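S.K.: My structure is below; once you've seen it, I'll send some questions.
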Amino acid sequence: MKSIITVFIFSFLSFAGIEVYAQSALFTTSYFMDDFSGTLSNWTDEFGGNWSIQNHELHGYYTLDNGSTLHHQADLVLNDQYQPSGNWQASIDFINVPDDQYPNYHQAYANFSLWVSSTQKVDIGVGGGHDGFGGIQDSINFNVQQWNGSWSQSSVSTNKVKFHWNPDQWHTAYLEKRGITYSVFVDGACIAHYIDTYLNGQGKIGLHSYGTKRYDNFTINLMDCSAPFNESFSGSFPSWTDEYGENWSVLNNELHGFYSLDSGGIYDSQADLILNNPYQPSGNWQASVDFINVPDDQYPNYHQAYANFSLWVSSSQKVDIGVGGGHDGFGGIQDSIKFNVQQWNGSWGQSSVSTNKVKFNWNPDQWHTAHLEKRGVIYSVFVDDACIAHYIDNFCNGQGKSGLHCYGTKEYYNFTLKACDYLIPTNVNETISPKNALFEVYPNPASNNIIVNSLTISVPYNMEIMNLQGQRLYTKTVEKSKTVVDLADFPSGIYIIRLITENRIEQQKFIKL
């Protein structure tokens, strides 16, 4: 990438008014795991005895009747020999618990700490809490604070993000480090990002507590993708197929894609450069390309700063996923960036999925990097390592060859494709089957059908199955404790199953392969 900028954005989006959440990027090079079944020998308990293990669960305690500087620093820091280097993902399960001293004060929060010293650290937390916490919540709190002797003057962000969750159930929080960018996920949904210009991506990883919190299963995975395909565009296109004839060229080691604006016919719209079969990835992958603002070849006043990826099944079935933005006379720092997905079945006009302006400070006249990460049927879009949005592909169902698309001139640089050994169904037992669940779903993941066993939930009850977009796909009144659900009509993906009784609602996730 030729230059980089610093951003701070949130990656919750609404597609046509429907909430969309995505699976967390689990890079599964296992590094460290602690189920808190023994002592805290792998950790350093900063400031003395504020943490303990009870019933295989970690309890962190900060006394509310004090408030001194040292008592605020209830940090559990992973010992040096277990500290990861490079990029990593840390995860922790958390649940709502009352404070040890004040039972009416509740907390359902996961707090990670990045620890340099007692006067320089960052606390990254997600969750929420108040007295008498109960029931399903429709938002979740995200908070980052920088410590330099006090929290009060250094809070970076406190935001409520739309997120349906039950604080009385176990949830999993993930913190993913990519350079100086930290991405926060809950139950696989990307909540927010923090760009660390305070510690510059440094600091030991640990857990933080303000008020009692109960944690379970701490895990660190190293983030890595392997077997990269790199294209510097320094020669011809032996690795690619230029669909519909010579719409692409290499000039000065940069890729130029051209679609004539004075036409508009079906075939001219399809300016696709598709990676040849020997290089096509299978499973889950990450594609990236650098892009910059350039004028159109025919109409210099028309500018484009856009990266467009294509998922090509056939000339009548493809998806275009783009990020950037452009207009005549483009110039200077922009405060937002466009995200756009279009499905092609003979025309674009009737099949646009989403066009959104996401808050993002960037300069279109500088080079930026767009990443498209495939996770099953979920595609996540990043710009300069900040997550912009997610697209759930129910049109091609996660199929299609990888390529680049052009509408108007675009200039690209350095295409890279990596096969990533992460994602579905990694960590299914951790993220899908909550601790102390009142019902169970198995097998999970499932190919043909699932069995729902109500355990301690009395029959009869109502059952609902929804997709991650909140659409109700299946309803049934269940009269027995164990029932079988046929998944033949369900596309591959992640689903939410909900059991509803007169006085409570319980839900879990399962995966259809």
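The values are calculated or read from the model by the stated rules, or taken from the named source; none is laboratory data. Just so we're clear, the structure is a prediction, and the values are computed from it rather than from any experiment. As a convention, Cβ positions derive from the backbone with ideal geometry for all residues, glycine included, and neighbour counts pool all protein chains shown.
S.K.: What pairs come out if I take residues in the stretch 471-493 that are part of a loop (DSSP other than H, G, I, E, B) and pair them with residues that are small (Gly, Ala, Ser) whose C-beta lies under 9 Å away, six or more apart or interchain?
M.R.: The qualifying pairs are Lys480/Ser454; Ser481/Ser454; Ser481/Ser458; Leu487/Ala446; Leu487/Ser447; Pro491/Gly398; Ser492/Gly376; Ser492/Gly398.
S.K.: Further question on the same structure: Could you look through the stretch 275-307, keep only residues that are aliphatic (A, V, I, L, M) and in contact with a Ser or Thr (Cβ under 6 Å, 6 or more places away or on another chain), and pick out the one that is nearest to Ser402 (Cα to Cα)?
M.R.: Of the residues in the stretch 275-307, the ones aliphatic (A, V, I, L, M) are 275, 287, 289, 292, 294, 305, 307.
Subset that is in contact with a Ser or Thr (Cβ under 6 Å, 6 or more places away or on another chain): 275, 287, 294.
Working: Leu275: 6, Ala287: 8, Val294: 24 Å.
Taking the candidates together, the pick is Leu275.
S.K.: Quickly run through the stretch 358-378 and pick out the residues that are β-branched (Val, Ile, Thr) and touching a Gly at 6+ places or on another chain (Cβ under 9 Å). Before the answer, list the steps.
M.R.: Taking the stretch 358-378 as the starting set, the residues that turn out to be β-branched (Val, Ile, Thr) are 358, 369, 377-378.
Val377, Ile378 - these are the residues of the stretch 358-378 that are β-branched (Val, Ile, Thr) and touching a Gly at 6+ places or on another chain (Cβ under 9 Å).
S.K.: Right, something else. Being closer than 18 Å to Asn394 by Cα and either surrounded by 14 or more Cβ atoms within 10 Å (Cβ to Cβ) or over 20 Å from the mean Cα position of the chain (by Cα) (or both) is the requirement here; does Val294 meet it? Outline the logic, then answer.
M.R.: On the way: closer than 18 Å to Asn394 by Cα: no; either surrounded by 14 or more Cβ atoms within 10 Å (Cβ to Cβ) or over 20 Å from the mean Cα position of the chain (by Cα) (or both): yes.
For Val294, the condition - closer than 18 Å to Asn394 by Cα and either surrounded by 14 or more Cβ atoms within 10 Å (Cβ to Cβ) or over 20 Å from the mean Cα position of the chain (by Cα) (or both) - is not met.
S.K.: If I filter the stretch 137-151 down to residues being assigned to a loop (DSSP other than H, G, I, E, B) and in contact with a strand residue (DSSP E or B) (Cβ under 9 Å, 6 or more places away or on another chain), which single residue comes out as surrounded by the most Cβ atoms within 10 Å (Cβ to Cβ)?
M.R.: To start, the set of residues in the stretch 137-151 that are assigned to a loop (DSSP other than H, G, I, E, B) comprises 148-151.
Subset that is in contact with a strand residue (DSSP E or B) (Cβ under 9 Å, 6 or more places away or on another chain): 148, 151.
Working: Asn148: 11, Trp151: 14.
That would be Trp151.
Residue by residue, here is whether (1) under 17 Å from Phe112 (Cβ atoms); (2) modelled with pLDDT of 80 or more; (3) within 25 Å of the chain's Cα centre (by Cα) holds:
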position	(1), (2), (3)
Ser30	no, no, yes
Asp34	yes, yes, yes
His71	no, no, no
Gln83	yes, yes, yes
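S.K.: Of the residues that make up the stretch 444-452, is at least one over 23 Å from Asp393 (Cβ atoms), touching a Lys or Arg at 6+ places or on another chain (Cβ under 8 Å), of a type outside the set (A, V, I, L, M, F, W, C) and surrounded by 13 or more Cβ atoms within 10 Å (Cβ to Cβ)? Working first, answer last.
M.R.: First pass over the stretch 444-452, keeping only residues over 23 Å from Asp393 (Cβ atoms): 449, 451-452.
Remaining after also requiring touching a Lys or Arg at 6+ places or on another chain (Cβ under 8 Å): 451-452.
So of that shortlist, the ones also of a type outside the set (A, V, I, L, M, F, W, C) come out as none.
Within the stretch 444-452, not a single residue is over 23 Å from Asp393 (Cβ atoms), touching a Lys or Arg at 6+ places or on another chain (Cβ under 8 Å), of a type outside the set (A, V, I, L, M, F, W, C) and surrounded by 13 or more Cβ atoms within 10 Å (Cβ to Cβ).
S.K.: Another question, if that's okay. Condition check: touching a Leu at 6+ places or on another chain (Cβ under 7 Å) and either modelled with pLDDT under 75 or loosely packed, with under 14 Cβ neighbours inside 10 Å (or both). Does Gly332 satisfy that? Break it down into steps so the answer makes sense when it comes.
M.R.: Values: touching a Leu at 6+ places or on another chain (Cβ under 7 Å): no; either modelled with pLDDT under 75 or loosely packed, with under 14 Cβ neighbours inside 10 Å (or both): yes.
Criteria not met by Gly332.
S.K.: Another one. Please work out which residue is nearest to Phe395 (Cα to Cα), limiting yourself to the stretch 474-498 and to residues that are at pLDDT 85 or above and among the hydrophobic types (A, V, I, L, M, F, W, C).
M.R.: Per the stated criteria, the residue is Phe490.
S.K.: Taking the residues in the stretch 113-127 that are in a strand (DSSP E or B) and β-branched (Val, Ile, Thr) as candidates, determine which candidate is farthest from the chain's Cα centre (by Cα).
M.R.: So the first thing to find is which residues in the stretch 113-127 are in a strand (DSSP E or B), and the list is 113-117, 120-127.
Now narrow it down to the ones that are β-branched (Val, Ile, Thr): 116, 122, 124, 126.
On the way: Val116: 27, Val122: 21, Ile124: 16, Val126: 14 Å.
Checked the stretch 113-127; the qualifying residue farthest from the chain's Cα centre (by Cα) is Val116.
To keep it simple, each residue is scored yes or no on (1) at pLDDT 85 or above; (2) charged (D, E, K, R).
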residue: Pro364; (1), (2): yes, no
residue: His390; (1), (2): no, no
residue: Phe395; (1), (2): yes, no
residue: Lys401; (1), (2): yes, yes
residue: Thr409; (1), (2): no, no
